[in-house]
Amino acid sequence: PDTVPALEVRGLVFRYPDGHRALDGIDLKVERGERVAVLGPNGAGKTTMTLHLNGVLRAEAGEISVGGLPVREENLKEIRRRVGLVFQDPDDQLFMPTVREDVAFGPANFGVRGAELEQRVQAALEAVGMAAHAHRSPLHLSGGQRRRVALATVLACQPEILVLDEPSSNLEPVARRELAEVLLGLGGTMLMVTHDLPYALQLCPRSVVIDNGRVVADGPTEQLLADAELLAAHRLEL
Ligand code: ATP
């Protein structure tokens, strides 16, 4: 039912093996169709949190559910389909000889075959404006194009929530703008980690600020970014 949030994180605690408490009780609820930016200074725990959403890292305490399904060992395959993680470095997601094969890899891994697989690949590449490049090697694409193909590899799995880690980092202004247009055109639920505050404002009506492994602010992006004290306290630079 529609009352089930897309994502619910409660009391998430995580310590790296060296004892550093990167997450210190994260609480976050995202409703279906919401687009939420995750802001915060370097080392705040943003990336560490995203790696818990699909079970790459296992929390020491706390609970996560995705569309009502708990992130637990026995559910990991379905959780990984539901949570579409786009890493900061697209090269972490592109390893096949052609764009088409990279985009087909995820859905094929979830058992999609034949005409449906081709249709998914085509739709994902069209959504990111890369259909004309299906038969090229990802190695020969620009940084912005690789970002969009990495996004397509995730879209082809039809995730219920898209989680993007620093999507605009290291992009030229044109590529940054093209990616924003693609993301705005997608619809659906999105969680976007970013240091790019104008990008958060453009793409995400709501933002949360994480610092020291905790959520320290949560509200309309416009309102949070207008709060000079909040920005200064958490080393956020417009
Ligand atoms: P950034 O904005 O710089 O990407 P972040 O908010 O994503 O930062 P994380 O990468 O989640 O922060 O890191 C949170 C904390 O955990 C930091 O203090 C970091 O140094 C530490 N950390 C990250 N990875 C490891 C690791 N493999 N072992 C030990 N500590 C780590």
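Assign one of three labels to region 111-180, namely rounded, prolate or oblate, based on the Cα gyration tensor with a ≥ b ≥ c the square roots of its eigenvalues; rounded applies when a/c is under 1.5, prolate when it is not and a/b is larger than b/c, and oblate otherwise. Display every interim value, and only then the final one.
Details: a/c = 2.39, a/b = 1.48, b/c = 1.62.
Oblate shape, in that a/c is at least 1.5 and b/c is the bigger or equal ratio.
Show me 95-104, 151-160, 25-34 ranked by packing, highest mean number of other Cβ atoms within 10 Å first. Present the calculation step by step, with values, prior to reporting the outcome.
On the way: 95-104: 19.4, 151-160: 23.3, 25-34: 16.8.
Averaged packing, sorted descending, gives the order 151-160, 95-104, 25-34.
Answer rounded, prolate or oblate for region 161-238, using the Cα gyration tensor with square roots of eigenvalues a ≥ b ≥ c: rounded when a/c is under 1.5, else prolate when a/b is larger than b/c, else oblate.
Values: a/c = 1.87, a/b = 1.54, b/c = 1.22.
Here region 161-238 falls in the prolate category.
Looking at the square roots a ≥ b ≥ c of the eigenvalues of the Cα gyration tensor of region 66-207, which shape do they give, rounded for a/c under 1.5, prolate if a/b is larger than b/c, or oblate? The partial results should precede the final answer.
Working: a/c = 1.77, a/b = 1.07, b/c = 1.66.
Because a/c hits 1.5 or more and a/b fails to exceed b/c, region 66-207 counts as oblate.
What are the residues whose amide H is under 5 Å from the amide H of GLN88, where those residues sit 5 or more places off or on another chain and H is modelled from the backbone?
Placed amide hydrogens put ASP165 under 5 Å from GLN88.
For a quick check: with amide H placed at 1.01 Å from N, whose amide H comes under 5 Å from LEU191's, ignoring anything fewer than 5 positions away on the same chain?
VAL36, LEU162, VAL163, LEU164
Using θ = phi - 60° and the Karplus relation 6.51 cos²θ - 1.76 cosθ + 1.60, list the HN-Hα couplings for region 73-84 in order, rounded to whole Hz, with x at every Gly or Pro.
2, 6, 9, 4, 5, 5, 4, 5, 6, 5, 9, x
Work out from phi, with θ = phi - 60° and the Karplus expression 6.51 cos²θ - 1.76 cosθ + 1.60, the ³J(HN,Hα) of each residue of region 155-170, listed in order in whole Hz, and give x for Gly and Pro.
4, 5, 8, 6, x, 8, 9, 9, 10, 10, 9, 6, x, 9, 5, 6
In whole Hz, with x marking every Gly and Pro, tabulate ³J(HN,Hα) for region 209-224 from phi via Karplus 6.51 cos²θ - 1.76 cosθ + 1.60, θ = phi - 60°.
Computed from phi, the couplings for region 209-224 are 10, 10, 8, 6, x, 9, 7, 9, 7, 7, x, x, 4, 4, 5, 5 Hz.
Mind ordering 11-23, 117-129, 59-71, 199-211 by average Cβ neighbours within 10 Å, highest first? Don't skip to the answer; put the middle values down first.
Values: 11-23: 14.7, 117-129: 18.5, 59-71: 16.8, 199-211: 21.1.
In descending order of packing, they fall as 199-211, 117-129, 59-71, 11-23.
Dipole of the chain (Lys/Arg Cβ +1, Asp/Glu Cβ -1, origin at the Cα centre): which of VAL174, GLN158, LEU230 lies farthest to the positive side?
Sorting the options by dipole projection puts first GLN158.
Can you list residues from other chains, or at least 5 along the same chain, whose modelled amide H is less than 5 Å from the amide H of GLY40?
ILE210
To the nearest 500 deg cm²/dmol, what mean residue ellipticity at 222 nm is calculated for the chain from DSSP H runs of n ≥ 4 alone, each contributing -39,500 (n - 2.57), summed and divided by the residues? Can you show the working numbers first?
Values: 9 runs with 85 residues, N = 238.
Value at 222 nm, helices only: -10500 deg cm²/dmol.
Every number in this text was worked out from the coordinates using simple rules, so none of it is lab data. Computed from a predicted model, the values in this text were never measured in an experiment. A quick note on method: Cβ atoms are made from the backbone with ideal geometry, for glycine too, and the neighbour counts reach across all protein chains shown.
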